[in-house]
Each structure stands twice: as structure tokens, then as C-alpha cells.
Amino acid sequence: MSTKLEKALGLIEQAAAHVFGSDPKVRSVGVGKTTGGYGFIAIRNEKAILPLAAGQAAAPSSAFEGIPIEYVSSQNDPMCMVRLPHSGPGSPGASSVVPEQLFNTPLVCGLQLQNFDDDIRKGVINGGHMIVGTLGCFVEYQGKVAILSNNHVLAGENSGKKSTDRILHPGGPTFDPNRQVATLTDFVLLQPSPVAATVAAGTAILNDVDAAIALVTPNYSTQAQQSYLPTRLPPAPGGVAAPNGVAAAAVGDVVYKVGRTTGLTWGTIKQIGAVVGPVGYTPGPCWFRNNIIIEGNNGTLFSDHGDSGSAILRNDGAVVGLLYAGNGTQTYACDINLVLAALQCKLV
């Protein structure tokens with residue numbers, strides 16, 4: 001690690017407070033490659049509508065503690081949840097060019113998931129919809145195999161019932177016992193901040209992860225494979241390695257993910273250690289730190305709604321992050337080592 005990178009990471013929260021405080025359209029500040037080497041990169045939503053009380057942004061700072069600051073434009077705030085019809089076009093029963101949306105056995109990474117009971121409690125299904133996300137990978141929890149994904153995928157943004165909520169693949173409007181692949185087991189509680197909270201004022205609560213696990217049901221436990229669909233693996237054209245370990249993310253790493261919405265996509269890690277927020281959740285706006293920020297290669301889309309929960313992997317199959325949000329250009333992921341530590345589990 002270079003001296004400049006190490007210094008920038010050590011100052012990231014102070015730098016974020018400075019940048020967020022001077023520009024109300026900024027949505028994240030991380031450490032990445034700048035013109036002068038490593039520096040701070042701020043992503044601002046150019047279309048953000050600000051209250052009159054916010055006033056006009058000050059002239060953007062070009063440096064903090066001698067470390068350069070560069071600005072990147074986006075058109076949206078980070079978002080995390082997908083709601084789709086449970087029948088008809090776009091539903092799990094319809095044909096799809098993304099095979100992860102269709103029922104598959106054995107269970108593999110990248111498949112579509114639904115917390116059926118949480119959708120029932122919230123009236124989502126009665127409204128003709130369902131909330132879905134992605135099976136990131138498999139972990140070992142207290143000697144048993146569990147699915148790893150986001151809190152907002154498996155636990156309904158803090159409203160999930162542990163040891164009770166049934167996780168279906170791919171999900172639907174009615175309960176099918178043959179499609180229950182797991183039961184919600186544990187999740188890291190999302191800590192919302194007051195609506196007017198800011199990093200600059202020190203009132204924003206910084207979350208490390210959006211993560212949850214669900215123990216695989218006995219009838220599927222022998223079918224859970226730390227792999228992807230055969231069409232995603234070698235010797236298939238463009239095949240990728242299955243998850244086979246964990247590693248720390250580094251700026252410039254080429255990475256991929258397999259998710260229920262956009263399937264297999266490739267990108268590059270542009271920032272690490274990022275402070276992000278606010279992200280809209282049901283309990284309230286949430287802020288995050290220690291994030292990884294990825295952009296699709298060659299201007300491609302790396303992720304979209306419903307890819308939440310996907311594992312982010314390097315070329316060698318090492319998992320570096322857990323995808324939880326995106327703004328259409330950048331993808332936001334939690335550090336995998338923080339995820340595993342928070343849930344007291346390890347990769348299978």
C-alpha cells in the first residue's frame with residue numbers, strides 16, 4: 001500500500017465530512033485514482049432536488065489535507081430495492097433471458113430469492129408484486145450451510161422474523177413448500193439516521209454492512225453448490241471462477257458478479273473505503289462507510305435493481321464485496337470481511 005493511499009484511507013471520514021458539508025448534492029466520497037495518484041473522489045447527483053434551506057453549494061474543494069479531491073457526476077441517488085409483478089410479464093413465471101430468474105436445482109450463487117412471509121406481512125403480494133434479490137454465495141454458520149445476501153433482500157429491512165421467515169426461490173404470490181430453499185437466520189440491524197442528519201455535523205450513523213443469512217432447508221442442504229449455473233462457468237465462453245475464498249478489495253481490481261437482473265457482468269473497482277449516503281430504506285435514510293465502488297467496464301451497466309446481494313469477485317474467484325445498491329452508473333458494495341465478521345460466519 002502506497003503512503004498516499006494509506007494516508008487517504010486514514011482521513012476518509014474527515015474528508016467525507018468536509019465534502020458532504022460543502023456540497024449537498026454529493027452522495028459518496030471514497031479513495032481512488034486521481035490525477036495526482038491516489039486521492040478522494042466525490043460522486044454527486046446532478047439532478048438532486050435540494051430544499052431552499054440547503055442554499056447553493058460552495059465552490060468545490062480541490063484538496064483536503066493536501067490530498068486531491070475530484071468530482072464525478074451521476075444522475076441518481078443510490079437505491080437498493082426491486083419490486084416486480086408476481087405474475088405476467090417480468091414475473092418469475094415468465095420466460096427470461098436471465099436464467100438466474102428461473103427455478104433451478106441444485107441451488108447455486110446468483111439465483112433469485114424472495115422473503116415470502118415479509119411480502120405477505122407488508123401487503124406487497126396483495127398489491128400484485130414481490131420483493132426480490134440475489135443469492136450471493138454460501139457460508140458456514142454454526143456448522144451449517146447458509147445463504148448470504150442483504151438485509152433488505154432476506155430480512156425486509158429489519159422487519160424479518162428470525163427462524164420463521166421462509167425464503168423462496170425464485171418466489172411468487174403463493175407459498176410452495178418445494179420452493180422454500182432457506183429460513184431467515186440472522187441479519188445485521190440497519191441503523192437509520194434522522195432525516196436531516198449529515199456526516200459534516202456528526203449526526204449521521206455510519207453502517208458497515210447491509211447483510212443477512214438464511215440457513216438452507218434440509219431438503220436443499222445437499223444441493224447447495226458454491227458455484228454458478230453451468231452457462232456461467234468454464235468451459236462455457238466467458239466462463240468465470242466460482243467463489244473460492246475472500247480477499248481485500250483494491251483500487252483497479254477487475255471484478256465480476258452474477259445477479260438475478262443483469263446476470264454476469266464485469267467491472268473495475270474505482271474506489272474503496274467510501275462513505276455513502278443517504279440511501280433510502282424503510283426504517284429511514286441510512287449511511288454507510290468502508291464501501292467499495294465499482295463501475296462497469298467500457299461504459300456497460302454493472303448492476304441494476306434486483307442484483308442486490310450478489311457477491312463481487314476478482315478474476316481468481318476471491319470474493320471482495322457484497323453488492324447492496326447502485327445509481328445506474330456506480331455500484332456500491334460492502335466489504336466482504338466486514339460482512340462475514342458481523343454475521344460470525346465464513347465462506348463455505
Quick check on this structure: which one of Leu229, Leu189 is surrounded by fewer than 22 Cβ atoms within 10 Å (Cβ to Cβ), under 30 Å from Gly123 (Cβ atoms) and among the hydrophobic types (A, V, I, L, M, F, W, C)?
Leu189
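This table checks each residue for (1) crowded, with 18+ Cβ neighbours inside 10 Å; (2) at pLDDT 95 or above; (3) among the basic types (Lys, Arg).
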site	(1), (2), (3)
Ala54	no, no, no
Glu70	no, yes, no
Arg83	no, no, yes
Ala94	no, no, no
Val98	no, no, no
Cys109	yes, yes, no
Asp117	yes, yes, no
Gly133	yes, yes, no
Glu140	no, yes, no
Quick check on segment 265-283. Is at least one of its residues over 19 Å from Ser74 (Cα atoms), hydroxyl-bearing (Ser, Thr, Tyr), outside any loop (DSSP other than H, G, I, E, B) and over 14 Å from the mean Cα position of the chain (by Cα)?
yes
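Restricting to segment 23-50, what's the tally of residues that are touching a residue at least 60 places away in the same chain (Cβ under 8 Å) and more than 21 Å from the chain's Cα centre (by Cα)?
So the count comes out to 2.
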From the list Ala182, Ala200, Ala214, Ala241, which one is under 21 Å from the mean Cα position of the chain (by Cα) and either assigned to a loop (DSSP other than H, G, I, E, B) or surrounded by fewer than 20 Cβ atoms within 10 Å (Cβ to Cβ) (or both)?
Ala241
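The values are calculated or read from the model by the stated rules, or taken from the named source; none is laboratory data. Since the structure is predicted, the reported quantities are computational estimates derived from the model, not experimental observations. Positions of Cβ are backbone-derived with ideal geometry, glycine not excepted, and every protein chain shown enters the neighbour counts.
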